[in-house]
Amino acid sequence: FALACFNQAAALAPGNDAALEGAASIYRKGQQWPELAGTLLKRADALAGTARGRDARAEAAELLESRLNDATRARELAERVLNEDAAHPKANEIVERLYIRGEDWKGLVGLVERKADALTGDKRADALCELAEVYEDRLSDSDKAATWYEQAHDADPRNVAALKGLER
């Protein structure tokens, strides 16, 4: 009964966030993944350009990847979030997992570079170390790895991963 009410409210006022969140909650509890994904995308569209909208779109992407086995659509949605917020944690995690699964190291490099550019301080240093590790471990380019470790050290001189990377 509650689901019908939420869906009716959303049909009458498509941007009604409370109705969309109520329906999403019911779909989530019932493990109705396709319906939940659709509702999250409606919510993301209704909240376009906001942090809550990006969070809803990233949650839909995660659901598509993990529950509905649609990696292509998941990546599209997560990348759309990253176009608005390059540091969005969940969207970065999703795209990163998909690049790693597909062994797309150049794509991963681009993703982590954009993420590092959007961050500051110790979080930037961590992202730069991650980038250095990709060059070191996956692309076998120790010169580029050293350059990224140096940048990480510049961003946070106490970063242990940067210091260890520079020692190698």
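Each residue in the stretch 28-38 was checked for being free of Cβ contacts under 8 Å to residues at least 24 places away in the same chain and open to solvent by less than 60 Å² (accessible area, probe 1.4 Å), and 2 of them qualify. For beta carbons closer than 9 Å, sequence separation of 6+ or different chains, a first residue in the stretch 9-22 that is over 14 Å from ALA56 (Cβ atoms) and aliphatic (A, V, I, L, M) and a second that is surrounded by 13 or more Cβ atoms within 10 Å (Cβ to Cβ) and modelled with pLDDT under 90, the qualifying pairs are ALA9/ASN16; ALA9/ALA19; ALA11/ALA19; LEU12/ALA19; ALA13/ALA19.
The set of residues in the stretch 73-85 that are open to solvent by 30 Å² or more (accessible area, probe 1.4 Å) and touching a helix residue (DSSP H, G or I) at 6+ places or on another chain (Cβ under 9 Å) comprises ARG73, ARG75, GLU76, GLU79, ARG80, GLU84, ASP85. Scanning the stretch 108-148 for residues that are over 19 Å from ASP85 (Cα atoms) and small (Gly, Ala, Ser) returns ALA132, SER140, SER142, ALA145, ALA146.
Counting just the residues of the stretch 1-19 that are open to solvent by less than 40 Å² (accessible area, probe 1.4 Å) and touching a Leu at 6+ places or on another chain (Cβ under 8 Å), which one comes out farthest from PRO89 (Cα to Cα)?
ALA10
Any chance the stretch 50-67 includes a residue that's β-branched (Val, Ile, Thr) and assigned to a helix (DSSP H, G or I)? Within the stretch 50-67, not a single residue is β-branched (Val, Ile, Thr) and assigned to a helix (DSSP H, G or I).
Just to be sure I understand, how many residues within the stretch 43-69 are open to solvent by 50 Å² or more (accessible area, probe 1.4 Å) and either of a type in the set (Gly, Ala, Ser) or over 15 Å from ARG80 (Cα atoms) (or both)? Qualifying residue count for the region: 7.
The values are calculated or read from the model by the stated rules, or taken from the named source; none is laboratory data. Owing to the predicted nature of the structure, the values given are computational and were not obtained by experimental measurement. Neighbour counts are summed over all protein chains in view; Cβ atoms, including those assigned to glycine, are modelled from backbone coordinates with ideal geometry. SASA here: full protein model, heavy atoms, side chains in, ligands and nucleic acids out. Shrake-Rupley method; radii C 1.70, N 1.55, O 1.52, S 1.80 Å.
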